[in-house]
1. In vacuum, with every alpha carbon of segment 77-140 counted as one equal point scatterer, what does the Debye formula give for log10 I(q)/I(0) at q = 0.25, 0.28, 0.29 Å⁻¹? Two decimals, please.
2. What is the diffusion coefficient of segment 55-108 in µm²/s, taking the Kirkwood radius over Cα pairs and the Stokes-Einstein relation at 25 °C with a viscosity of 0.890 mPa s?
3. Quote the FRET efficiency, to the nearest 0.05, computed for Lys190 versus Glu148 with a Förster distance R0 of 30 Å and r equal to the Cβ-Cβ distance.
4. Once both labels are modelled 7 Å past Cα along the beta-carbon direction, what's the Ser92-Ile3 spacing in nm?
5. Extension gain Asp102-Asp159, at 0.36 nm per residue separation less the Cα-Cα distance, in nm?
6. What per residue convex hull volume, in Å³, comes out for segment 111-168 when only alpha-carbon positions are used?
7. If r is the Cβ-Cβ distance from Lys111 to Asn67 and R0 is 30 Å, what FRET efficiency results, to the nearest 0.05?
Amino acid sequence: MAICKLCKKDKKLIDAHIIPKFMFKGMKDENNSFYEVVYNLDENKTATKKTQKEDFDKNILCSDCDNGILGAFYESYAVKSLYGTDLTEDISPKCENYINPDDGAEYSICKNIDYKKMKLFLLSILWRASITNRPLFKEISLGKKHEERIRKIIYEGIDIDELEYPINILSFMRTENDLRNLISQPKRIKTKSGLNGYLFLIDSLQFIFYVNSINHKINHSIEKLNLKKNKMIIIHLPNGSEKEFIINMIKR
């Protein structure tokens, strides 16, 4: 018995995944293996490890929270909307592809998204990465204030404002190096304006979380690409310039 970090109750804890198990499904090859990558953009160095074991922590969540709250409310929706399984037509995301005529940038806009479920699902990954001691997530440290705020949001199912913890989503799916079958070590970043952020690369999708107080001024480009109540924007990184694009995102 120990204190569950989500409900704050003394319960039996279980093996809880930091990144939900279903997100590894697309990463695994015919040998049930995928790759973990630790990268350093400043030094242009990477280290890759092939593995068959997803990261989990036996010291953070009880079954009621892991399966009953995170699994039943948020992950059950995300697995359907992100991976296109078992959603009825009326609640399926409606996505259209676009090309910016000014610079040729490709992007998709998906509507009919359940903003609350999608946002809280993604925030739950960030929160779990912050509260765990697993080495892969060592750069994720939200601090007590933000850990408690996000815990409360997830546990109570609070429908928060778009600009509280904004999230940008990038895709490598249209590049030659589509970065499939791998997960990279999440990286902490800081924008020119002083805003803290965290990058998660999971099987061709990169999620950038910006951690801010509610009154913190948000960069216009971050706000423009942010997950919104009426749509989800996915930026498709240009072929051959993936690294440059990420560095520009970090430094702006």
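Read-outs throughout are calculated quantities, based only on the coordinates presented, and are distinct from any laboratory measurement. Just so it is clear, the model here is predicted, and its values are computed rather than measured. Here Cβ is always computed from backbone atoms with ideal geometry, including for glycine, and neighbour counts include all displayed protein chains.
1. Cα-only, vacuum Debye calculation for segment 77-140: -0.98, -1.10, -1.14.
2. 173 µm²/s
3. The computed FRET efficiency comes out at 0.85.
4. 4.6 nm
5. 17.0 nm
6. 94 Å³
7. About 0.50, to the nearest 0.05.
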